[in-house]
1. Examine the range B:197-204 for a residue that is without any contact (Cβ under 8 Å) to a residue 60 or more places away in the chain and touching a helix residue (DSSP H, G or I) at 6+ places or on another chain (Cβ under 8 Å), and state whether such a residue exists.
2. Just the residues that are part of a loop (DSSP other than H, G, I, E, B) and within 11 Å of another protein chain (Cβ to nearest Cβ), please, taken from the range B:260-309.
3. From the list A:V141, A:V168, A:V103, pick out the single residue that is of a type in the set (A, V, I, L, M), within 11 Å of chain B (Cβ to nearest Cβ) and within 30 Å of A:Y59 (Cβ to Cβ).
4. Where in the range B:379-452 are there helices (runs of 4 or more DSSP H), lying fully within it, with 1 or more residues that are under 18 Å from B:S585 (Cβ atoms) and among the aromatic types (F, W, Y)?
5. Keeping to the range A:237-280, report how many residues are modelled with pLDDT of 85 or more, surrounded by 19 or more Cβ atoms within 10 Å (Cβ to Cβ) and under 30 Å from A:T96 (Cα atoms).
6. Under 7 Å by Cβ, and 6 or more places apart or on different chains, what pairs join a residue from the range B:553-571 that is free of Cβ contacts under 8 Å to residues at least 24 places away in the same chain with one that is buried (at least 17 other Cβ atoms within 10 Å of the Cβ) and assigned to a helix (DSSP H, G or I)?
7. Scan the range B:321-340 residue by residue and report those that are part of a loop (DSSP other than H, G, I, E, B), within 14 Å of chain A (Cβ to nearest Cβ) and surrounded by fewer than 22 Cβ atoms within 10 Å (Cβ to Cβ).
8. State whether the residues of the range B:638-651 include one that is basic (K, R), assigned to a helix (DSSP H, G or I) and exposed (fewer than 14 other Cβ atoms within 10 Å of the Cβ).
Amino acid sequence: MFSYIIRRLLFSLPIVFGVMLITFFLFFVVQSPNAMARRVLGPKASPQAVETWLHNRGYDKPLLVNTRPGEPFYDSLFFRQMRRLAAFDLGNSDVTGRPLKQVFASGALPSLLVTFPAFVAGMCFSLGLALYLVFVRNSAVDLVAALLCVGLMSMPVMVYIIFGQYLVAQVLNYFPAFGFHLQGWSTLKFLLLPVALMVVSGLGADVRLFRALFLEEMGQDYIRTARAKGVSNARVLLVHVLKNGLINLITLVVASLPFLIMGSLVLENFFGIPGLGNVLFSAIQAPDFAVVQASVFLGSLLYLGGLLLTDLCYAWADPRIRLQ
Amino acid sequence: MFAFPQIPRRFLIPWVSCVVLAMAGCSNDPYPPLQRATREDGSPWLVRYGAMPEDPRSLDPQVCYDSVGKRILEPVQECLLEYHPFKTDPYELRPCLLAGFPEKVAKPDGGILYRCTLQQGILFHDDPCFPGGKGRELTADDVLFAFQRMADPRVESPALSTLQDYVLGLGERFEAAKKSGSFDYKQPLSGLQVTGRYTFEVHLSQPYPQLLYWLAMPFTAPVAKEAVDYYDGKPHGDGARDHFRFHPVGTGPFRIAEWKRNSFIRLVRHPGYRTTTFPQEGWDASREAQLRPLAGRALPLVDEVHMTIFRESIPIFMLFRQGYLDGMGLGKDAFSSLMTPSRELAPKYRERGVALHRDTEPSTYYMSLNMEDPVLGKNRKLRQALSASFHSQAFLDIFYNSVPIPAQQLLPPGIAGFQRDFKNPYGYDLEKAKALLAEAGYPNGRDASGNTLEITFDTAATGADERLMAEFEKKQFEQLGIKIRVVENTFARLMEKLDQGSFQIAGGSGWGADYPDPENFFFLYYSKNFPPGGKNASRYKNPEFDRVFEKMAVMENSPERESLVLQLNAMLTEDVPHILTMHRSLFSLTQPWAPRIQSNPMLEGGFKYAVLDSGLRGEKRREWNRPSLWPLGLLLGTLMAGAAVAIRANRKN
């Protein structure tokens, strides 16, 4: 197991390097550092201001390989940034100069406060509803629920947000339409609506998926045996079906856990939640390459970490699987 | 018959209690509780709530150039001069940190010096950067430090590229610092000489009356060296200190009390503020009753300003409707909900007491025509024909809800020399345009050999709106029978093309006044301002224009100067190096408890003049935000029905 983890971690290194290389190319193929400086400084910026901006951030270096006489080939923008990231030094924002460690640290908590409860509540609701639908399968309720789920799946997230803000915050006046203030229990009033909307927007797809998984379990021999032994319907569902069905969900659930920290880009923007989704959105608009690069770097690490964790959890939950 | 199954009470009561308790603790108020409710005298603590689109990128006075940054910096960091809040046609300055206007003295070597005297007793905000945390008195050394910072390459001041041509020593010190890698603040600066504790002189290499406008910008605003040294962004045992660019320490009516990135900025009044008072005059007679009671009053008039950062416009409209924002700019998203087809405020909002304002920015937008292009550059009639074929009013009706003003001349309203009744002879007139095109050698859009004239139109098509605009512009020009090839560029690529002169017509050009002087617009066509160093993107070169411009640029406003401005305008009108589109105007709304006091577009917010009726606001907020409880009952009923179905299914099985 230990050697498996080490091997997977070593395999991750070239993947992260490749992701960073692709990000670098994509960003600078779209716009040169000079163009980026012009966008940040505005159309009124003088050539002198642009030159100073580029120099102070190291963007006056060659992009990939330094071919200038007398200078080492690795003294380029890409290698400098990779060297820095290898030491987990995220650097400073290109636009504001703020240390990115600070930027990410301050954005992670608001993001998690929305995504984690939404994830947990979403799983609970989806599992509960899926079990309920399995329980009342082939009834009118099941049919109506199927239609509703398809309807929920068809709507884009933006519709949920705008409609939710309008209905809950504007018409019913329950929760704020916008804003986020970390102040003890009163923080809840800023979280309930975005969390609820995140839960509802994912409900349709999840319920249909979980229902299908549970129905598959219902047809297994061990369920028939349990029923023959006189186990109640509720116990069959809540103990046997749920437990065995959950193993199939590990891939889906564990891999998405690390991503909770990166927040939800659209939701955070519409609700003014100062999380990492918001940070990334403004960095793309700015444009702030340092923030985009650091986000991709952290995102790729989290993704690889999530995949590794999934494999480990799978092996733990299903004794038939052995990691070698 | 269906029997409703009984749900155990022990299950129901805690859940219902939780929901009721949660709802009781909730409201749709998006703000945290106030940190204080009353002033020392027991009167209510007045907080204004506003919106802004993003975090300021830098609040360093020598760097801040964008409107978002200036909106926050303006109330915190005062300038040596400031714009009069009411005198906007033409714009006027008034002393702020200075005790009076600078005294101009001509030097024998052709240079100019301005003698300035600071007001005495002005205090910086209390801040840990000062000994004992108490703000010290402002002195002339702080002005010198600000000018030195402009020449420091690490500061990246955008003002340097212009001011180094006039203020002695700035350019040399910048180059020296660039070479040595650091700026030597101990060395004096020849362009700014401190002559006493409160007096200093600004030395210019040549006449530059626009310097007064620069003294009303934050670039020249005095900075306490202690603040820059203290807020250096490094850890000092008590964690990392914010950088100075996020922690300005000024002398203004407000200080930044709290800044949550991506969320909000809270400004709280500076108790020691006494630099300026509410003006005694300068407003229209129609506003006498509203403004006279405020004349001479100490500023600011409210205690706190809470600016929330909104990246989307829909929530702004929602919060405004709920009474949680005191004002809002009227964007496209909310336009149809708030306005009638006749461009008036919808009756529903008029009844609420909401007021509609229309402000025109000192800006002009146009399409640049390349004067070095072999087809356009040598054919004045062709440029005139193109200009006359473009229906700017229709363009503004379709894409801007008819809000901006169609531009007839380069100068926008409010700038000295703007002619209110002037009508561009090459404004929209399709018949005239066709006649001009024939005179240009392209009757019905064809040249002598019968080939259709083809012109390239470069545009920064960054979104769906821009694409539609380009399509409209193409159709307008093609009414002449010519062919327009639209090239969509990224913003940066279009900038490059403008720099290189590799275009024929470039859309979306424009200029917003840095300061309200005709020089700040006509310099766009001065032949020594060719790109990449200058902004003459059309590459307009006219020796007569240059001669008149050079004379006008160094003059104070006077009838003689105005006649030169008219000459410059006439030359541009005839030569058509651009096709004028609009002077940008914006609609904005204010709530009945927060009437508009000043509307000077050169001020970003003007928070120190803002007023508030907090009693009326509280009353209206309560009235507009009563929660409806029936949907909760409906939700509970649905859940119970679902449970009943499940229980019934279980019994059946």
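The values are calculated or read from the model by the stated rules, or taken from the named source; none is laboratory data. Model, not experiment: these values are computed from the prediction. Here the Cβ is made from the backbone with ideal geometry for all residues, glycine too, and neighbour counts use every protein chain on show.
1. yes
2. B:R261, B:N262, B:S263
3. A:V103
4. Values: elements: B:380-389, B:392-399, B:430-439.
Because the criterion is at least 1 residues that are under 18 Å from B:S585 (Cβ atoms) and among the aromatic types (F, W, Y), the helices (runs of 4 or more DSSP H) in the range B:379-452 that meet it are B:392-399.
5. 14
6. Sorted first by the residue in the range B:553-571, then by its partner, the pairs are B:L564/B:V548; B:L564/B:M552; B:Q567/B:V548.
7. none
8. Yes - at least one qualifying residue is present in the range B:638-651.
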